[in-house]
Structure formats: C-alpha cells, structure tokens
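The structure appears below as structure tokens.
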Amino acid sequence: MARAGVGKYGDIQMATPRKGKAKVHKTASGKKVSYGQAGKAKDGGPRVRAGTKKGDSYCARSLGIKKRLSKKKQNDPNTPNNLSRKRWKCKGAKSTK
C-alpha cells in the first residue's frame with residue numbers, strides 16, 4: 001500500500017494542477033496553489049509570452065485585481081494572481097522581457 005504523494009515503487013509524485021490550470025506551487029506550509037491557464041496558444045506556442053502587448057494587457061488587468069485585495073494578500077507571494085504576475089514578469093502594469 002502506497003503513502004499519499006509516494007508512488008508504488010517509492011518515487012515521489014509531482015502535484016498535479018487543478019482542472020484548467022497550468023502550474024502548481026507548493027507553499028512552505030505544504031499548501032498547493034494552482035494557477036495559470038492551461039493549454040497552448042492558437043498557433044501552438046506557449047500561452048504566456050512576457051514582454052508582448054498581450055502581456056501588457058494581462059499585467060494591467062491583474063494589477064486591478066491586486067489593488068482590490070487587502071494589503072496582506074497584495075504582498076503574499078503565494079496568491080494565484082501574484083504567481084501568475086511573476087510568470088508574466090509584470091512590473092506594475094507592464095510586462096517585461
């Protein structure tokens with residue numbers, strides 16, 4: 001009988017993201033946070049392209065979400081919004097390369 005998180009032969013299994021999410025981040029307390037949109041872009045490339053017009057639009061939109069949160073949540077690096085902003089390389093309302 002295998003323990004939770006450990007495969008049949010003792011190999012450690014990676015956490016899988018929730019349905020529709022691309023990534024999972026495991027916090028220091030052990031909590032798993034799923035974030036990001038799963039799948040590929042229409043042209044088959046990666047969905048997240050930092051430093052593009054699409055990235056700038058995302059960063060501006062997510063900054064609005066961030067501003068509505070409490071100060072504690074705004075500075076929490078483990079919120080899905082902050083994890084996604086890090087992936088898009090957001091600095092304020094702009095996406096950097």
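Just so it is clear, none of the values below were taken in a lab; they were calculated from the coordinates. None of the values given here were measured: they were computed from a predicted structure. Please note: Cβ atoms are built from the backbone with ideal geometry, for glycine as well, and neighbour counts cover all protein chains shown.
Here are some notes:
- Cα pair count fraction exceeding 16 Å, expressed as % - the stretch 48-92: 29
- Put a plus charge on the Cβ of each Lys and Arg, a minus charge on the Cβ of each Asp and Glu, and nothing anywhere else: the dipole of the chain about its Cα centre is then about 400 debye.
- Correct choice for semi-axes √(5λ) of the Cα gyration tensor in Å that was computed from the model, options [x] 47, 14, 11; [y] 29, 19, 9; [z] 22, 16, 15: [y]
- Pairs spanning more than 24 Å between alpha-carbon atoms, out of LYS53/LYS73; LYS19/LYS67; LYS19/LYS42; LYS19/LYS94; LYS26/LYS94: LYS53/LYS73; LYS19/LYS67; LYS19/LYS94; LYS26/LYS94.
- Crossing angle, helix 53-67 versus the chain [Cα axis fit, 0-90 degrees, rounded to tens]: 80
- VAL24/LYS94 FRET efficiency (R0 22 Å; Cβ-Cβ; nearest 0.05): 0.25
- Placing a pseudo-label 7 Å from each Cα along the Cα-to-Cβ vector at ARG47 and ARG61 gives an inter-label distance of 1.1 nm.
- Per-residue ellipticity at 222 nm computed for the chain from its helices equals -8000 deg cm²/dmol, with DSSP H segments shorter than 4 residues left out and the rest contributing -39,500 (n - 2.57).
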